[in-house]
Amino acid sequence: SPTGDSWGIFTFLCAALCNLPALPALNCSEELGAGQSIQQTYDLTRYLEHQLRTLAGTYLNYLGPPFNEPDFNPPRLARAERVPSATVDLDLWRGLTDNARLAANYRAYSRLLCYLRVLDGQVGTAELRHRLAHFCASLQGLVLSIGGVMSSLGYPLPAGPAAPPAGPPGAPAAPNDFLKKMDDFWLLKELQTWLWRSAKDFNRLKKKVPPAVVTLRLEARGF
Amino acid sequence: PAADPAVISPQDPTLLIGSSLVATCTVSPDFPLKAEDLYWTLNGRRLPAASYATLGPSTLSVALAHLNGSRQQSGDNLVCHSRDGGILAGSCLYVGLPPEKPVNITCWSKNMKDLTCKWAPGTEGETFLHTNYTLKYKRRWYGQDNTCQEYHTAGTYSCHIPKDLALFTPYEIWVEASNRLGVAVSDVVMLDILDVVTTDPPSDVHVSRVGDLEDQLSVRWSSPPALKDFLFQAKYQIQYRVEDSSEWKVVDDVGNQTSCRLAGLRPGTVYFVQVRCNPFSIYGSKKAGIWSDWSNPTAASTPRSERAAGGCDPKGGEQNTTLRRELKQFFGWVKKHAYGCSNLGIKLYDQWRVWLQKSHKTRNQVGKEP
């Protein structure tokens, strides 16, 4: 009978749900511990790194030689300084607090996302535009993910506009097409370096913030 | 901010294929480099020193002749280097041809609600430089030009106009192609939306066997939903092929019915069948519209022939095969020259076939009797 079948399905679903391991976690008001978010953010940086390899390959081919040559290393001109640099003194990096470490990542990717979006509006081929749009969406996801980790650990998000309108004031757009190509090259290089660095940042954070510890912290605050 | 190490002139020029160029690299006074410390590369390849000329203590020129079209649309990279390979300055060369008039503009309207147009670029040569295409349209005796906004909906060279289209009025449509070297405008195409109407393919296409008949399949479908909304009649076309062949057979004379019987098929074979629709007599005009896409292929198989195993009764079988073939041909002819999918012709044929099979069965049984 139809009603009998519905009851059967309902009972089965209940049993299935009750057996899900995630269910106990739902007792906390935070569904995922910060530890799990950190792991997800780490995974996202690895995924983006992989995506970037294809995007950069396509984009550098569009710029043409020598930009797509493996040993290409042009001077980093003054105007390229507007892109936040990932390279930092090792001792300085080790000594970063969790908050500072996360904030540096958050700020960097927000800025990089902004510049990438400007790029998206200018490139010629449909294939490139498509790849760039896809990458920007993923990068946006990373920014949100980092923000999520910061919130779950109780840190405030970095102040100031996450997305400066059209480049920071005082740094004009490249005055000629060749210099713009160099800027684009450095943008991609910096993105690559940041993704390498973030993997290390989040690995470090993973060790310092295991899931169990976070849950206790949350309960103590009466969440 | 620090000065650039050097300046190239001309900076980012646009040139015609085959033209020549003399470029100069002048080192900034802040830098301790002389003309003899410099060299040029184009797209990563070092240019021969024979083409250089020293124009001043810190100015080196290079002569480029008979330039080919740009290697990439972002421009060829002409770079001035210092002796150790460092980059001092660069200039992007855009070498190509002005666009030619886009051609072959064809448009179609889905259910009189929108208009999609596609075109072809004038020449192959339009890939050296980035070429922008703009589709424009206006109603024939009303001044205002409109620009199409949604591009690449039906391929690279296409555009879609989603709304605000008037019926019963001619439109002028054209495409403008522009790149760094110039603009080209296509010829104007004039059309009335009602003349280029197409619709969705028929839905719910079902193909089934006709009882035990080995060489027939029955095809049934629903008219596209838009048919109800506005005043057009529909005519249909069927195409079918054997599973492992790429040759489609087309049935043209289906008329406006929503069913048809395919005959003369191979027994025990899988067939793929598709149907498409043409809206005609829109608002009473005699003109045909544009054929819709084919429906998704539907598959069905004809029943397997009982005699497929081969001759249990070779002599009798042969006789019947020849007779049957002739009869089939005759009825096929009748079918064609009478009315395509006329029920009358088919029914007669069916009855004949059923009778034929029954009579063959009895003949076989007779043969088997000890």
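Read-outs throughout are calculated quantities, based only on the coordinates presented, and are distinct from any laboratory measurement. Just so we're clear, the structure is a prediction, and the values are computed from it rather than from any experiment. Counting neighbours? That spans all protein chains shown, and the Cβs are built from the backbone with ideal geometry, glycine included.
Going by a ≥ b ≥ c, the root eigenvalues of the Cα gyration tensor, does the stretch B:103-195 fall in the rounded group (a/c under 1.5), the prolate group (a/b larger than b/c) or the oblate group? Prolate is the answer for the stretch B:103-195, as a/c is 1.5 or above and a/b outweighs b/c. Here residue B:329 and residue B:103 are evaluated by their C-beta separation; at R0 = 60 Å the FRET efficiency comes out at 0.80. Between residue B:301 and residue B:153, the simple label model (points 7 Å from Cα in the Cβ direction) yields a spacing of 4.3 nm. Given their separation in residues at 0.36 nm each and the Cα-Cα distance between them, residue B:259 and residue B:138 gain 39.4 nm when the chain is fully extended. With the Cα gyration tensor of the stretch B:6-96 giving a ≥ b ≥ c as the square roots of its eigenvalues, does the rule (a/c under 1.5 for rounded; else a/b larger than b/c for prolate; else oblate) give rounded, prolate or oblate? Prolate shape, in that a/c is at least 1.5 and a/b is the bigger ratio. Among the listed pairs B:118/B:228; B:228/B:287; B:110/B:136; B:101/B:136; B:110/B:287, those whose Cα-Cα separation exceeds 24 Å are B:118/B:228.
Modelled spin-label separation between residue B:209 and residue B:252, with each label point placed 7 Å from Cα along the Cα-to-Cβ direction: 3.3 nm. All C-alpha pair distances within the stretch B:178-301, sorted into 10 Å bins from zero, spread as 12, 36, 23, 15, 9, 4, 1 percent across the bins. Charged neighbours of residue B:291, selected by a Cβ distance under 12 Å, balance to -1 (K, R count +1; D, E count -1).
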